[in-house]
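S.K.: This structure is in structure tokens; I'll ask about it shortly.
The values are calculated or read from the model by the stated rules, or taken from the named source; none is laboratory data. Quantities reported herein were computed from a predicted structural model and do not represent experimental measurements. Don't worry about glycine lacking a Cβ; one is built from the backbone with ideal geometry, like all the others, and counts go over all protein chains shown.
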Amino acid sequence: MSQGSSQPGPAAPHRVVVIVDENSNPFELSCAIEVFGLRRPELGRDLYDFSLCSPEPGTRMRDGLFTLTGVAGLAAADAADTLIVPNRPDVEVPRRPAVLDAVRRAHARGARLVGFCSGAFTLAEAGVLTGRRATAHWMWAASFRARFPAVRLEQDVLFVDDGDILTAAGSAAALDLGLHIVRRDHGAEIANAVSRRLVFAANRDGGQRQFIERPVPDVPDTSLAPVLAWAQRRLDRPLAVADLAARAAVSPATLHRRFRAQLGTTPLAWLTGERLALACRLIERGESRVEVVARRSGLGSAATLRALMRRETGLSPSEYGRRFGP
């Protein structure tokens with residue numbers, strides 16, 4: 001570029017900052033680092049500018065497992081585009097005022113806020129969840145509702161995306177939410193690449209209900225994995241719930257029960273979600289003809305594709321293509 005050119009340079013990477021506070025959980029911190037903090041040479045670019053910050057020079061992590069030092073001060077939170085708030089197992093202990101003030105400042109200036117597991121308690125303490133949707137680990141649902149009745153807690157989900165505030169239900173659900181954020185920011189193809197490196201499902205079906213403690217059946221249901229893999233290879237063909245049931249050699253009613261028990265969803269909802277994910281990948285790879293995308297993904301009509309994409313991504317197919325296409 002010649003000197004004096006008025007053309008803008010490349011946009012700065014989205015800045016993700018994690019606040020680490022006393023007794024924070026190392027696992028969720030590691031999830032944030034794995035999803036947002038690693039270099040991505042296989043993609044040819046880094047997706048995020050990532051950093052940690054803490055209100056103290058040394059932060060004692062959960063159960064005194066180790067002390068984290070050498071990270072930025074809490075002022076770094078004021079530069080975050082996405083701020084991941086602290087979480088910890090002792091949810092009844094209030095957060096320190098300086099942390100809550102940092103969360104409030106970030107929210108006031110329009111930063112995206114993320115809470116993993118008990119991080120929803122931090123967000124609620126800061127007052128930014130009032131009247132909003134959120135989730136938290138099922139073990140703490142009753143405590144959360146009692147303390148924060150003005151928050152619309154959704155218990156039977158892995159995560160909640162409420163626009164500028166996102167919450168994950170439990171420790172491993174931090175990965176589900178992290179990949180969802182990558183998908184929202186960079187598209188399904190990039191999210192799939194990140195999930196492959198993690199060796200983790202890009203879209204994990206179901207909700208917390210499948211993890212709540214329940215008696216083990218005497219004869220466990222047969223795994224759905226074979227019929228799911230069979231269906232995923234045939235998404236572009238006419239495929240109904242009855243076809244899935246026939247492939248699994250069970251009745252449709254039995255198939256529904258197994259989907260509910262193992263995935264926490266219905267066969268039709270799973271099939272529609274897989275087809276929409278395929279449609280997104282086709283658009284990201286350069287297919288701009290809506291009718292072709294609808295046909296190759298098995299969604300049938302352009303109208304169905306448009307309605308589903310608008311509902312699930314907030315974008316029309318053309319808008320999605322402009323944002324995530326080649």
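S.K.: How about the range 245-287: which of its residues are part of a loop (DSSP other than H, G, I, E, B) and of a type outside the set (A, V, I, L, M, F, W, C)?
M.R.: 251, 264, 265, 266, 285, 286, 287
S.K.: Looking at residue 95, is it over 15 Å from residue 158 (Cβ atoms) and either outside any helix (DSSP H, G or I) or not assigned by TED's automatic domain parsing to the domain that holds residue 149 (or both)?
M.R.: In short, yes.
S.K.: Picking from 120, 168, which residue would you name as being under 13 Å from the mean Cα position of the chain (by Cα) and of a type in the set (A, V, I, L, M)?
M.R.: 168
S.K.: So how many residues does the range 177-194 have that are surrounded by fewer than 22 Cβ atoms within 10 Å (Cβ to Cβ) and either within 13 Å of residue 280 (Cα to Cα) or modelled with pLDDT under 90 (or both)?
M.R.: Qualifying residue count for the region: 7.
S.K.: Residue pairs, Cβ under 7 Å, 6 or more apart or interchain, first in the range 152-179 and more than 17 Å from residue 314 (Cβ to Cβ) and assigned to a loop (DSSP other than H, G, I, E, B), second hydroxyl-bearing (Ser, Thr, Tyr) and at pLDDT 90 or above. List them.
M.R.: Taking only residues 6 or more apart or on different chains, the pairs are 154/135; 155/135; 157/135; 169/135.
S.K.: Continuing with the same structure: Given the criterion of a type outside the set (Val, Ile, Thr), farther than 28 Å from residue 256 by Cβ and touching a residue at least 12 places away in the same chain (Cβ under 8 Å), identify the matching residue among 294, 279, 302.
M.R.: Only one candidate passes the filter, namely 302.
S.K.: In addition: Within the bounds of the range 235-244, is there any residue that is farther than 16 Å from residue 275 by Cβ and assigned to a helix (DSSP H, G or I)?
M.R.: yes
S.K.: Take the range 30-55 and flag every residue that is loosely packed, with under 14 Cβ neighbours inside 10 Å and either touching a residue at least 24 places away in the same chain (Cβ under 8 Å) or in contact with an Asp or Glu (Cβ under 6 Å, 6 or more places away or on another chain) (or both).
M.R.: Within the range 30-55, 39, 42 meet the criteria.
S.K.: For residue 214, which of the numbered conditions (1) assigned to a loop (DSSP other than H, G, I, E, B); (2) among the charged types (D, E, K, R); (3) at pLDDT 90 or above fails to hold?
M.R.: (3)
S.K.: For residues in the range 56-90 being surrounded by 15 or more Cβ atoms within 10 Å (Cβ to Cβ) and assigned to a helix (DSSP H, G or I), which is modelled with the lowest pLDDT?
M.R.: 62
S.K.: Taking into account only those residues within the range 286-300 that are touching an Asp or Glu at 6+ places or on another chain (Cβ under 9 Å) and among the basic types (Lys, Arg), which is farthest from residue 236 (Cα to Cα)?
M.R.: 295
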